[in-house]
Amino acid sequence: MERSEGNIKKKNPVLECRNVGRSFDSYDGKGKNEVLRGMNFEVYENEFLVLFGAGQCGKTTLLNILAGLDMPTEGEVYANGEKVSGPAPERGFVYQKTSLFPWMTVEDNVGFGPKVRHLPEKECKERIRKYLDLVGLTGFEKSYPSQLSGGMRQRVGIARAYANEPDIMFMDEPFGHLDAQTRYMMEEELQRIWQQEKRTVIFVTNNIEEALFLADRIILLTNCPTHIKQEYSITMQRPRDYVDPEFLRLRQLITDNMDLTL
Amino acid sequence: MIDSTTNSRFTNKQLIIIYTIISLVCLLIVWELVARFTSASMFLPPASEVLTAFFRSFAEPIGQHTMLFHVGISLYRVAVAFLFATVIGIALGVGMGYSRLFEAIFKPLFEFIRPIPPLAWIPLSILWFGLSDTGKFFIIFLGCFCFITVNTYDGAKNVDPELMGAARMLGANERQVFFKIVLPSSVPYIFAGLQIAVTAGWSAVVGAEMIQSNEGVGWVIIRGMSTGNTVQIMVGIVAIGIVGFILANLTSALERRLCAWNAQKGI
Ligand SMILES: Nc1ncnc2c1ncn2[C@@H]1O[C@H](COP(=O)(O)OP(=O)(O)OP(=O)(O)O)[C@@H](O)[C@H]1O
Ligand SMILES: [Mg+2]
């Protein structure tokens, strides 16, 4: 643990990952390809947790399991004390490739969750308005995803997940495909959104600056089979500065630790 | 590509139309010359004669009806068969693409029927349906239903699993995933199928009308053949070609409107 005085109140965890492992049948069909092994950690209410690891180390696989989109081959995941057995609207997911519904307009994408759950018409409308406003896309209600830029699409992805008002948000490298400029902007936006609409966020990235800019806590993952190498509690004041000495020190510390594992 | 910067008097679209017209006119001139001045004139009536007969056929009846009626009755037959083919083809295709069980039951049967050319069914269809319109519907149906099924099946198989996961994550149940994700994301594939199918159905109408009929463009050709009237055969062919061309363009215009979201691929 880097710092002793964390800003997270260690009450009941909202998500528990208990000894989770995941293997796939290897491509020749004979052996097993072990991607995750013995993952143990908890996530606390309103915490911004970053899972940080190199490319292809199994981050998406882990996040899918935590969200209930995939089942572990070993161990289990508990959300609010209940075992996770499938996808549920109490958990929201923001995808690496945005995965918007391309035949729906922006407002239909954002309103999808409330509508399929049969919330009252008025409530659906209100949520669309509120969350499009939150991500700064008011005025684009009638646009199709193909008419938007990459950054705007990912804003829609975030609004779509928020519109269900889930307890936990899962974000899988949401800014991975954006250019550096847009990426910085979106990181600041996300921080603002998270401070405005407090939620537990589990955020996956392979970018150390992004991790340090956003996280309350960083979990460093090793390469395949992936397990937890180290945890860091990040207590720097927000908004953070990329060239702050403390920022640079932590950056050095974590990347050094990471390089050893490659 | 036609470069619009080098010729600023016309837009790209206008240029394409101009070239199309030029190519058509050239075809007609070559046809006319070949028919008039070579030995092919024995079997090939000149373009001018065919075209005059074609335009005349809108006023003077061929058999008991004018051309508009023949085209109308053929279109009606295609429309009825096409409607059935669309409903059954989409249902079967989406069903096979979405449900493993459905696929296991219907795919072998479908793969068995698929390679049989529609005209091979004519004798059976006469046996089963006699000489009624039902037999013609049946042949046209077989001529277009496979295309719709195959394409729809393809579309339903290729639904991005992440989109289905996203829908479930947002709280959609299986029925909602099917109607709100699987079906709409298959729409571009379905339309590609409908486009091929409408043309295929229109071509099958000739075969279908070979089964004893007294009207329809297919009948115009068959009738021309049995009376040795080459001009009438060509008139029928021209009519089939023009209507086919219009149908293909109508469906692609419809597709552009309904699948506007699909204009840019790779989202
Ligand atoms: N459905 C699957 N079947 C077989 N193997 C899989 C499957 N999904 C993932 N894997 C394996 O797990 C490994 C990790 O994949 P995953 O997508 O979780 O990594 P990642 O860390 O998210 O990568 P990236 O940084 O590119 O997003 C891959 O190398 C792949 O071999
Ligand atoms: Mg990934």
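The values are calculated or read from the model by the stated rules, or taken from the named source; none is laboratory data. Just so you know, these numbers come straight off a predicted model, no measurement behind them. Every residue, glycine among them, receives a Cβ derived from its backbone with ideal geometry; neighbour counts consider all protein chains shown. Keep in mind that these areas ignore ligands, DNA and RNA; they rest on the heavy atoms of the full protein, side chains included. Shrake-Rupley method; radii C 1.70, N 1.55, O 1.52, S 1.80 Å.
Structure data summary
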quantity	calculated
Stretchable slack from residue A:19 to residue A:198, in nm (0.36 nm times residue separation minus alpha-carbon distance)	61.6 nm
Rounded to the nearest 20 debye, dipole of region A:91-165 from Cβ charges on Lys, Arg, Asp, Glu	160
Viscosity 0.890 mPa s, temperature 25 °C, Stokes-Einstein D of the protein assembly as shown from Kirkwood C-alpha radius, µm²/s	88
Nitroxide proxy distance, nm - points 7 Å out along Cα→Cβ at residue B:157 and residue B:55	5.1
Net dipole in debye of chain A [+1 Lys, Arg Cβ; -1 Asp, Glu Cβ; about Cα centre; nearest 20]	400
Backbone HN-Hα couplings from phi across region A:146-151 [Karplus 6.51/-1.76/1.60, Hz, Gly and Pro as x]	5, 8, 9, 6, x, x
Crossing angle, helix A:106-116 versus chain A [Cα axis fit, 0-90 degrees, rounded to tens]	80
Cut-off under 5 Å, modelled amide H: who pairs with residue A:229 long-range	A:220, A:221, A:222
FRET efficiency, 1/(1 + (r/R0)^6) with R0 45 Å, evaluated for residue A:32 and residue A:236 via beta carbons	0.65
Difference of contour (0.36 nm per residue) and Cα-Cα distance, residue B:226 to residue B:248	4.9 nm
Chain pair B, A: total accessible area buried, heavy atoms, 1.4 Å probe, Å²	2100
Sulfur and carbon atoms: percent of accessible area, the protein assembly as shown [1.4 Å]	59
Kirkwood hydrodynamic radius (C-alpha pairs) into Stokes-Einstein, chain A, 10 °C and 1.306 mPa s, D in µm²/s	83
Chain B, relative contact order in percent, only Cα pairs under 8 angstrom and at least six apart counted	21
Chain B: angle of helix B:133-157 to the longest principal axis, Cα-based, in degrees nearest 10	40
Packing rank of A:74-80, B:20-26, where each peptide gets the mean count of other beta carbons within 10 Å, highest leading	A:74-80, B:20-26
Leading residue at positive end of dipole, region B:96-166 (Cβ point charges), from B:115, B:132, B:156	B:132
Under 12 Å, Cβ to Cβ, from residue B:201 - net charge with Lys/Arg +1 and Asp/Glu -1	+2
Within chain A, helix-based [θ] at 222 nm, where runs of 4 or more DSSP H residues each add -39,500 (n - 2.57), nearest 500	-10500 deg cm²/dmol
Computed magnitude of the charge dipole of the protein assembly as shown (debye, nearest 20; Cβ of K, R +1, Cβ of D, E -1)	920
Region A:99-223: C-alpha gyration tensor shape, a/c 1.5 cut-off, then a/b vs b/c	prolate
Label-point separation, residue B:23 to residue B:44 (7 Å along Cα→Cβ), nm	1.9
Rounded tilt (10° steps) of B:183-210 against the dominant C-alpha axis of chain B	30
Of A:191, B:218, A:111, farthest towards positive along the dipole that unit charges on Lys, Arg, Asp, Glu beta carbons give the protein assembly as shown	B:218
Per residue value of the accessible surface for the protein assembly as shown (all protein chains in place, 1.4 Å probe), Å²	50
Cα shape, chain B, gyration tensor, a/c 1.5 rule	oblate
Separation between Cα centres of region A:151-216 and region A:74-136, rounded to whole Å	15
Helix-only mean residue ellipticity at 222 nm for chain B, each DSSP H run of n ≥ 4 adding -39500 (n - 2.57), per residue, nearest 500	-24500 deg cm²/dmol
Separation of alpha-carbon centers, region B:146-204 and region B:60-124, rounded to whole Å	19
